[in-house]
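The next block holds one structure in the form of structure tokens; read it before the comments.
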Amino acid sequence: MSDNDQTKSVVIERTFNAPIDKVWSMWAESENFMKWYGPEGAKIPTAQMDVRVGGKRLVGMEVNTPNGPMTMWLAGEYLVVDPVTKLAYTEVMSDKEGNFLAPSAMGMPGDEPEVTTVTVELRDCGETTEMTMTHAGVPAGSPGEAGWNMAIGKLAKLLS
């Protein structure tokens, strides 16, 4: 990945005090994913996840905004599913049925990419697991990176 590509990607590396199968389940099982995903204060009322190559995903995230609570919908498709070591999926803004919505329709800047890709790589270190999460299309230093750091912090608490 070139330096220019990295500035357009959030990359988070973390070591969790949990075995790899437990970390995998937090990413691959909807009931576990719903417990930690999203920034502080967000709630995940639904996460439909068909975790297989070509499988669809639809996640609803309730967030508080200056105009009151709103639900953001994120849809996508699984590209890579290598249990328990690698997971990759696309992500787009959508409506609650999973139909694509342009980021501009959601009030986001016009230069936001329509499709981003999340890749999670896990390494078994015995009692611990090393994770590298890359969200390509979300710039480093952006609010998206701040949200991911909050979410991964919540994940670390659940796994400790």
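Computed from the coordinates by the stated procedures, all read-outs in this text should not be read as laboratory data. Worth saying up front: this structure is predicted, and the values here are computed from it rather than measured. All Cβ positions, glycine included, derive from the backbone under ideal geometry; neighbour counts span all protein chains shown.
For the reader, a short list of remarks on this structure follows.
- For Val53, the shell of other residues with beta-carbons less than 11 Å away shows a net charge of -2, using +1 for Lys and Arg and -1 for Asp and Glu.
- Per-residue 3J(HN,Hα) values for the range 27-38, derived from phi via the Karplus relation 6.51 cos²θ - 1.76 cosθ + 1.60 with θ = phi - 60°, read 8, 9, 10, 4, 5, 7, 4, 5, 6, 10, 5, x Hz in sequence order (x marks Gly and Pro).
- Where labels lie 7 Å past Cα in the beta-carbon direction, separation of Glu114 and Asp21 in nm: 4.2
- With contacts taken as Cα pairs under 8 Å and at least 6 residues apart, the range 16-160 reaches a relative contact order of 25 percent.
- Peptide packing for 122-130, 15-23 was compared via the average number of neighbouring C-beta atoms within 10 Å per residue; ordered from the highest value, the list is 15-23, 122-130.
- Value at 222 nm in deg cm²/dmol, rounded to 500, when DSSP H runs of n ≥ 4 in the chain each add -39,500 (n - 2.57): -7000 deg cm²/dmol
- Other residues lying with their Cβ under 14 Å from the Cβ of Phe100 contribute a combined charge of -3, Lys and Arg counting +1, Asp and Glu -1.
- Cα-based helix-to-principal-axis angle, 143-159 vs the chain, degrees rounded to 10: 40
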